[in-house]
1. Of all residues in segment A:19-36, how many are surrounded by 19 or more Cβ atoms within 10 Å (Cβ to Cβ) and of a type outside the set (Gly, Ala, Ser)?
2. Can you find a residue that is of a type in the set (Gly, Ala, Ser), away from every other protein chain (no Cβ under 14 Å) and in a helix (DSSP H, G or I) anywhere in segment A:253-260?
3. Test each condition in (1) touching a residue at least 24 places away in the same chain (Cβ under 8 Å); (2) in contact with a helix residue (DSSP H, G or I) (Cβ under 8 Å, 6 or more places away or on another chain); (3) buried (at least 24 other Cβ atoms within 10 Å of the Cβ) for A:Trp373 and report the one that comes out false.
4. Residues of segment A:89-132 being among the polar types (S, T, N, Q) and modelled with pLDDT of 95 or more, which ones?
5. What about B:Val25, is it under 28 Å from B:Leu159 (Cα atoms), touching a Leu at 6+ places or on another chain (Cβ under 9 Å) and either among the aromatic types (Phe, Trp, Tyr) or part of a strand (DSSP E or B) (or both)?
6. For B:Leu242, are the conditions met, namely being more than 30 Å from A:Tyr319 (Cβ to Cβ) and crowded, with 21+ Cβ neighbours inside 10 Å?
7. Can you tell me how many residues within segment A:338-372 are within 17 Å of the chain's Cα centre (by Cα) and either closer than 16 Å to A:Pro276 by Cα or within 14 Å of chain B (Cβ to nearest Cβ) (or both)?
8. Go through (1) assigned to a loop (DSSP other than H, G, I, E, B); (2) within 13 Å of another protein chain (Cβ to nearest Cβ) one by one and return the number of the condition B:Ala75 breaks.
Number of protein chains: 2
Amino acid sequence: MKALRNVGRLLSPGSPLRQNVDVLVDGDLVAGVVPAGQGGPVEEDFDCAGCLLTPGLIDAHTHPLYARPRLAEAAQRAAGASYSALAAAGGGINATVRDTRAASFSDLELGARGRLQRWLGQGTTTVEAKTGYWLARDGELAAVALLSRLANDRSLPRLAVTYLAAHEVPPEHLTARADYVQKVVDWCPDARRAGASFCDVFCDEGAFTVAESERILAAAAAAGLRLRLHADELGLTGGARLAARLSAVSADHLLRIGPAEVDALAGAGTVATLCPVTALNMGQLPPARALLDAGVTVALGSDHNPGTSGTTSMSLVLYLAITELGLSVEEALAAATVGAARSLAVTDRGRVEPGMLADLVLWQADHEGAFAWEPGLRARRVWRGGAELAPEG
Amino acid sequence: MKALRNVGRLLSPGSPLRQNVDVLVDGDLVAGVVPAGQGGPVEEDFDCAGCLLTPGLIDAHTHPLYARPRLAEAAQRAAGASYSALAAAGGGINATVRDTRAASFSDLELGARGRLQRWLGQGTTTVEAKTGYWLARDGELAAVALLSRLANDRSLPRLAVTYLAAHEVPPEHLTARADYVQKVVDWCPDARRAGASFCDVFCDEGAFTVAESERILAAAAAAGLRLRLHADELGLTGGARLAARLSAVSADHLLRIGPAEVDALAGAGTVATLCPVTALNMGQLPPARALLDAGVTVALGSDHNPGTSGTTSMSLVLYLAITELGLSVEEALAAATVGAARSLAVTDRGRVEPGMLADLVLWQADHEGAFAWEPGLRARRVWRGGAELAPEG
């Protein structure tokens, strides 16, 4: 048994704020929360010095496995080039596919490990991680297998692995889209066996149609994968409605949806995973308040990817959810913990209560308002399953 | 003589991009830029490993000297409370004034040093620093003196000290505003003697009127202080036009200005200092592109302050200037270097050229597009006047 002593404020979604408490940890689980000093003797103590403790943050949308960021393209976008123009000129996702196919898996693992360590050091203890930069059978399945292996590494965040072969139609199939869709369908059982828990499709203008997405997702569900969807980010093409119709666990981005889509998600119990960094990049905000008001569970994601989002800081994502999307601190924290957990179909994390995983973050602040004051609030100490890790940056 | 070897890309405003170069440093100045390996022998070498080098960033608007952040208030704002309602309930600037007046100067110095070290470690080698949390003679002048002393500490960024006794009318003068304005006028020569270079006034709705601001700024100019102005942030009350009329070096925020104010600033040669973090908080953007198109020099500032902006990362401010205000990477970098230098009336920094101060930042990236990809790009190494400092988070 160990104790995190002298927690100034313990903010855990669904519970009233607790002040001046000790959090008891037994193995990898939270054992209890008691008034400071009332916990009895333990084998190990950590003094939280009156700081703010929260559940470990959960990032519900990332693309962490790639060769290198497309920095020249980011500069061109900043100078006014559109994503579609850059993609037409050989950039975009397909540029990363070229780079990533050409890289060795040992180099790719090294890069992903470095990024995932930063996630953890910045207070994120679970990361949803998608494939999608091979768009070919062997690479996509090897990526699923690599991410599944990293998921067991206790120096990294916990991972939820998503098969995203339907990220883009690869260049070699552009004249035979249906063939590629059939391949993605055929690989679903293999992806499940390789360790994926989820299947995602980029259903949008210039990507996959609703009909194509439905074919893939039906096969994924039959193979035992839970469903996620990149939905209505670039245009209102019907992704959110499809997600609701198929009872997907998550519909992501949702920059273009209106009241009908909000209602559909609410009715289906599909989580709305919002990505404020991407929204800022696109200059288009998702209807976050309308979703909350309709009773939709909101999750947050960094959308870390080599093209448009380099962040691994969920506290920065919280800050943007507050300042840009209009969430309160409590709503943003809930979205980045229990909301994200729900989008990953797990109930063992996201709150600090007895029996939950002891995934915990002590922040460099004594009040949760710091999430709204300091963009990218720094973690002071991070625990993953009760194991203490030094923070990073 | 020392050499920064193997700079992959050297981006310095006003010069074409230079690739694969060595930067030579003699004492605290840049001595030259030569093709990699062509610099001859030097006493000291640093291998830049192909990374991006830029001038040290310059933060043109900060409030770094205060007792503690108003975190509970930040949470209330996030939950929908307005700044004016919070101020009326005893919060806002006056809450910080109460806390700061009650704090010891040794504690205040400790807090400011910690923050300023973070600025430097994150790549900012010059910081404009305002007083304004005493609103009484002794405190304001002691604050000027403390900041002036810290300006000589080589472990901190260079500081440009701004006297801002006209930050707010203090509670004890609310029924006698004219008396307080007269006091601020009277203290101007003392502030100059204590080491201030600039005088600033918060000219806005709920703060100082244009007439009050003009009285103060006229006295400040007579005392040898250069003029800055918080202008047209909350309402279009005439601050930008006043700044132009008085040939202020800088008009700051400018969230509410229109084409006439843009033209006035352009005509006067007054720098427009934009603060994207504050703009995000206010949900109102300054007309950045119109200012640039009109030929106005743009500077960037973090607006770090205990109420609404906790950042010390100018690379995050650059990121927001790009994604939120529509600047290109080159425009944003220029605003955070030569533009900010111009707002501080200094010509010895902001570019990497022979004879300029060797204030330099090596970034964790090999391409300047990283500023647009990673919010808060990390510094890999920082030099202030040629002295190498370890980076921080």
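1. Initial filter on segment A:19-36 (surrounded by 19 or more Cβ atoms within 10 Å (Cβ to Cβ)): A:21-25, A:30-31, A:33.
The next check asks that each one be of a type outside the set (Gly, Ala, Ser); those that pass are A:21-25, A:30, A:33.
Final tally of qualifying residues: 7.
2. Of all residues in segment A:253-260, those of a type in the set (Gly, Ala, Ser) come to A:258, A:260.
Filter again for away from every other protein chain (no Cβ under 14 Å), leaving A:258, A:260.
From the residues that got through so far, the ones that are in a helix (DSSP H, G or I) too are A:260.
Within segment A:253-260 (the criterion being of a type in the set (Gly, Ala, Ser), away from every other protein chain (no Cβ under 14 Å) and in a helix (DSSP H, G or I)), the answer is yes, since at least one residue qualifies.
3. All conditions are met except number (1).
4. Taking segment A:89-132 as the starting set, the residues that turn out to be among the polar types (S, T, N, Q) are A:94, A:96, A:100, A:104, A:106, A:117, A:122, A:124-126, A:131.
Hits for segment A:89-132 are A:Thr96, A:Thr100, A:Ser104, A:Ser106, A:Gln117, A:Gln122, A:Thr124, A:Thr125, A:Thr126, A:Thr131.
5. Details: under 28 Å from B:Leu159 (Cα atoms): yes; touching a Leu at 6+ places or on another chain (Cβ under 9 Å): yes; either among the aromatic types (Phe, Trp, Tyr) or part of a strand (DSSP E or B) (or both): yes.
Criteria met by B:Val25.
6. Details: more than 30 Å from A:Tyr319 (Cβ to Cβ): yes; crowded, with 21+ Cβ neighbours inside 10 Å: yes.
Yes, satisfied.
7. Adding up the residues that qualify gives 2.
8. Going through (1) assigned to a loop (DSSP other than H, G, I, E, B); (2) within 13 Å of another protein chain (Cβ to nearest Cβ) one by one, B:Ala75 breaks only (1).
The values are calculated or read from the model by the stated rules, or taken from the named source; none is laboratory data. All figures in this text were calculated on a predicted structure; none of them were measured in a lab. Cβ sites come from the backbone with ideal geometry, for glycine too, and all protein chains shown count toward neighbours.
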